Every structure is written in C-alpha cells, then in structure tokens.
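Below is one structure, written out as structure tokens; the observations come after it.
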Amino acid sequence: MFTYLTAGESHGPALVGILDGIPAHLRLDIAAIDETLARRQGGYGRGARMKIEHDQVEFLAGVRGGETLGSPIAAVVRNRDYLTPKVRALMDPISGGGDPLTNPRPGHADYAGALKYRQRDLRNVLERASARETAMRVCLGAICAQFLEALGIVTRSCVVRIGGVEAACLDDWNQADVEASDVRCPDREAAMRMIEGIDEAKSAGDTLGGQFLIRIDGLPVGVGSNRQPAQRLDGVLAGALMGMQTVRAVEIGLGIEVGATPGSQAHDAFALDGDSVVRRSNRAGGIEGGMSNGEPIVVRVSVKPIPTLMKALPSVNLHEKTDAPATIVRSDVCVVPAAAIVAEAMVRLALTGPVLEKYGGDSLEETLDNLARSTQASAALFSRNLGTNVK
Ligand code: EPS
C-alpha cells in the first residue's frame with residue numbers, strides 16, 4: 001500500500017515527511033526536488049517569509065547512493081525562520097511559549113481549531129494549519145513526479161484567474177511560458193493585469209484568490225476504479241486537491257457547466273481513425289466511470305483569498321470577550337501561483353497509489369514491465385487479427 005504523512009509547524013524546527021510504497025531503484029534527481037521546492041516559494045504576491053526560507057530536502061531514510069531502496073522514505077525540510085531567537089523562544093518544543101493569540105481570523109482554522117483542541121492560544125492551532133506545511137507535500141510529491149515520469153505520466157499546472165482577472169480560456173499551454181511568468185499564467189496580457197491587481201490588493205491591505213488548471217498527460221486507460229466510491233479517480237483527485245488549505249472547489253472536464261449542458265453536448269463521442277478509437281473532444285476531462293480513459297486529465301481548481309488581511313477583518317478577543325480586529329501575522333497577498341505548485345504535488349501523491357495498485361512492482365523495473373505488458377494487452381484486446389474465437 002502506498003501512503004504518506006507529514007508533520008511540522010510553520011515556525012517549528014522543521015517539516016518532516018514519510019513516503020512509503022515507492023518502488024526500489026528509482027534514481028532520484030535531488031536538484032529537481034529542490035527546484036520544485038523553490039518554485040513553490042515563488043510567485044508574485046508572496047510575503048517576507050519566502051526571503052528567509054531556502055527550502056531544501058534532506059533525506060534520513062529510504063534512499064542510498066541517490067536511489068530509492070523500496071523502504072519508507074523519510075525527508076526533512078528545515079525552517080530557517082526557527083533559527084531566529086524570537087521565533088525559537090516562541091516555538092521551542094520544550095521551552096517555547098509567549099503571549100497567546102486571541103483574535104481568530106475569519107476564514108482561517110483559528111476559531112474551529114481552538115474549540116476542537118481546547119487551545120486558549122490560537123498559535124497552537126495556526127502553526128499546523130499554516131500552508132507552510134505544503135513545502136513537505138511538495139517535497140514528497142516531487143519524488144512521486146520522478147516515479148510517474150519514469151512511467152510517462154506528466155502533471156503540469158497554469159494559473160487562469162487571479163481576483164477579477166481571467167486569462168484566455170485554454171486546456172493546453174506552453175509550459176515554458178508558464179515558468180517564465182511571475183504569476184504562472186501563459187496569457188501575458190492577463191498576467192500583467194493580475195500583477196496590477198495584486199499590487200492594488202496589497203496597498204488596500206487585502207488578499208486575492210483565483211483559479212488554476214492542472215493537466216495530466218500520459219496516464220494509461222484504467223487507472224482508478226468503478227468498484228467502490230473511494231476508488232473513483234475523480235473522487236481521489238478532488239479529495240487530494242480539497243485537502244489543500246486554500247482550495248474551495250474542484251472541477252473535472254466541463255465541471256459545473258455540465259449541469260447546464262444537454263447530454264448531446266456533454267459527452268465525448270467515439271470515432272475511428274484508421275484502426276484506432278479516438279475522441280474529438282474531452283468534456284469528461286479524461287475520467288469516465290471513475291477510471292482514466294486515456295485522454296488528458298484536466299482539472300480546474302478554485303482557491304480562496306488567504307484569510308490573513310493586513311487590514312484586519314472584524315473579529316473578537318476570545319479571552320476578553322470584546323470586539324477586536326482579527327490577529328495580523330506576517331503573510332502573503334496572493335498564493336495562487338504557489339498553490340498551483342502544491343496542487344501538482346497533491347495530484348502526483350494522489351495518482352501514485354492508484355497507479356501502483358494497477359501496475360504493482362517492488363522495483364521500478366517490475367512496474368515498467370507490468371505497464372508494458374498491460375499496454376500490449378490493451379492494444380491487442382480489440383485487434384481484428386485476433387481471429388473469430390474472440391467473443
Ligand atoms: C507559507 C504560507 C503562509 C505564509 C507562511 C509561509 O502561511 P499561512 O497559511 O499561515 O498564511 O504566510 O509564512 C509565515 C507564516 C510567516 O511567518 O511569514 C508557506 O507557504 O511557506
């Protein structure tokens with residue numbers, strides 16, 4: 001069984017992750033993992049913390065000589081901010097403490113978490129709720145990326161909306177244009193307006209959300225299952241993406257529009273191109289019956305504006321029972337570009353289990369053999385050359 005776990009507080013000593021189930025003999029490109037961590041730190045609208053951190057992976061287990069062993073992989077990303085005496089005094093696991101934070105931020109975990117965990121200091125909730133933890137998800141997801149890419153499965157993302165600015169509609173894009181853009185948007189004109197919007201929000205003490213697309217190419221037919229609800233690939237991907245701090249909606253293919261579309265225009269007709277079965281549209285977004293159908297998987301994700309506003313929203317002081325503005329902590333204005341990188345990681349983490357369930361393998365070679373055999377068998381299933389004894 002493939003599984004992962006993360007631990008770590010935003011201002012604690014480090015973020016820790018365990019990834020179990022990656023086959024042996026995957027040669028890891030460590031520089032590529034660090035580069036993915038750097039991509040998560042980027043994006044126009046990030047705050048001062050990202051100038052302090054230089055996220056880098058350190059392996060503690062499961063890797064030897066640059067290759068996975070097939071044993072659980074343990075990884076650490078240290079928080080540089082913790083080295084500041086003030087932060088350390090707050091967060092030291094043994095001696096840490098300080099004045100409690102008392103005014104919950106609307107939209108954050110502060111209030112619900114305080115009551116749930118019986119915490120009178122909101123810091124005891126927000127430290128884990130913070131999206132800082134996504135650095136470890138990105139680290140583990142970058143390992144999955146290398147496994148999936150060895151199988152020809154590639155996940156990419158691009159930003160299509162920040163606040164009121166929407167990019168030209170697309171379901172494919174040039175990834176180099178995305179990587180060159182400060183807001184990870186390939187539509188240059190829209191990207192300029194997005195940056196202006198972020199500047200305006202910053203001066204107003206406000207924050208901005210948005211939307212991005214995720215595209216998965218190369219996923220063979222039949223990953224995921226119609227057997228049980230929890231195995232459906234659309235549910236698995238949506239669950240993983242909704243597991244991100246900022247995500248409020250996930251759409252696959254036509255998404256919410258499908259409810260307003262007649263059946264004649266909502267599905268993807270089959271056609272023949274020579275001997276091959278093809279589709280001329282991808283309204284299903286690459287998933288039918290909870291299984292990949294061989295088309296690219298296209299997902300649209302909507303994220304909320306982050307709830308830490310420099311012009312604080314009305315709140316209350318829970319200790320004194322007085323009206324008071326929400327607590328202000330150092331934060332970002334817009335995390336949509338960074339969230340797209342986290343979403344790539346979440347998708348890779350979510351796909352690795354179902355891919356391994358279908359193809360199995362304790363070593364990468366075994367997984368690749370199984371994939372090749374399965375691909376051959378699929379190609380032969382409806383081959384005309386199979387003769388008349390095939391029913
Ligand atoms: C961070 C995400 C945001 C940042 C955080 C680092 O966290 P949150 O979800 O709590 O708003 O603001 O940085 C800080 C907490 C800080 O002290 O600056 C991230 O993605 O790394």
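Within the range 217-257, the trypsin sites (Lys or Arg not before Pro) that combine a DSSP coil assignment with at most 15 other C-beta atoms in a 10 angstrom radius are 227. A simple packing score, the average count of other Cβ atoms within 10 Å per residue, orders the peptides 270-281, 314-325, 334-345 as 334-345, 314-325, 270-281, with the highest score first. Our coupling estimate for the range 342-351, obtained by passing each phi through the Karplus curve with A = 6.51, B = -1.76, C = 1.60 and θ = phi - 60°, is 4, 5, 4, 5, 4, 5, 5, 5, 6, 6 Hz, Gly and Pro reported as x. Measuring how big the range 243-326 is from its alpha-carbon positions, Rg and Dmax come out at 22.0, 75 Å.
Between the helical axis of 364-381 and the dominant principal axis of the chain, each derived from Cα atoms, what acute angle in degrees is found, rounded to the nearest 10? For 364-381 against the chain, the angle is about 50 degrees.
Computed across the range 253-302, the Kirkwood radius stands at 11.8 Å (inverse of mean 1/r, all Cα pairs).
Backbone amide hydrogens, once placed in the peptide plane, bring residue 363 within less than 5 Å of 24, excluding anything fewer than 5 places away on its chain. Accessible surface of residue 303, taken over heavy atoms with a 1.4 Å probe and every protein chain present, rounds to 10 Å².
Given Cβ point charges of +1 (Lys, Arg) and -1 (Asp, Glu) and nothing else, what value in debye, to the nearest 20, does the dipole of the chain about its Cα centre take?
840
Relative to the longest principal axis of the Cα atoms of the chain, the long axis of helix 233-242 lies at roughly 10 degrees.
Could you work out how much longer the chain between residue 323 and residue 27 gets when fully extended? Use 0.36 nm per residue separation minus the Cα distance between them, nm to one decimal. Kindly include the intermediate steps, with their values, before the conclusion.
On the way: separation 296, 0.36 × 296 = 106.56 nm, distance 5.64 nm.
Roughly 100.9 nm would be gained on extension.
Phi angles of the range 174-188 translate, via the Karplus equation with coefficients 6.51, -1.76, 1.60 and θ = phi - 60°, into HN-Hα couplings of 8, 5, 4, 5, 5, 5, 7, 9, 5, 10, 6, 10, x, 8, 4 Hz per residue; Gly and Pro are given as x.
Using only the Cα atoms of the range 47-186, what semi-axes does the equivalent ellipsoid have when each is the square root of 5 times a gyration tensor eigenvalue? Give whole Å, largest first. Before the final figure, lay out the partial values.
Working: eigenvalues 215, 128, 44 Å².
With the √(5λ) rule applied to the range 47-186, the semi-axes are 33, 25, 15 Å.
Per-residue SASA remark: residue 331, around 30 Å² accessible (1.4 Å probe; ligands, DNA and RNA not included). Near the amide H of residue 327, within less than 5 Å, lie the amide hydrogens of 103, 105, all on another chain or at least 5 residues away, with H placed in the peptide plane.
In the chain, helical runs assigned H by DSSP with n ≥ 4 each contribute -39500 (n - 2.57); averaged across all residues and rounded to the nearest 500, the mean residue ellipticity at 222 nm is -10000 deg cm²/dmol. Using a cutoff of 8 angstrom between alpha carbon atoms and counting only pairs six or more residues apart, the relative contact order for the chain works out to 22 percent. Taking 7 Å steps out from each Cα toward its Cβ at residue 88 and residue 372 produces label points 5.4 nm apart. Plugging the Kirkwood radius over Cα pairs into Stokes-Einstein for the range 151-272, at a temperature of 10 °C and a viscosity of 1.306 mPa s, what D comes out in µm²/s? Estimated diffusion coefficient is 94 µm²/s.
Volume per residue, Å³, of the convex hull around the alpha-carbon atoms of the chain? The partial results should precede the final answer.
Values: hull volume 65.8 nm³, N = 391.
About 168 Å³ per residue, rounded to a whole number.
The values are calculated or read from the model by the stated rules, or taken from the named source; none is laboratory data. Quantities reported herein were computed from a predicted structural model and do not represent experimental measurements. A quick note on method: Cβ atoms are made from the backbone with ideal geometry, for glycine too, and the neighbour counts reach across all protein chains shown. These area figures cover heavy atoms from the full protein model, side chains too; ligands, DNA and RNA do not enter into them. Shrake-Rupley method; radii C 1.70, N 1.55, O 1.52, S 1.80 Å.
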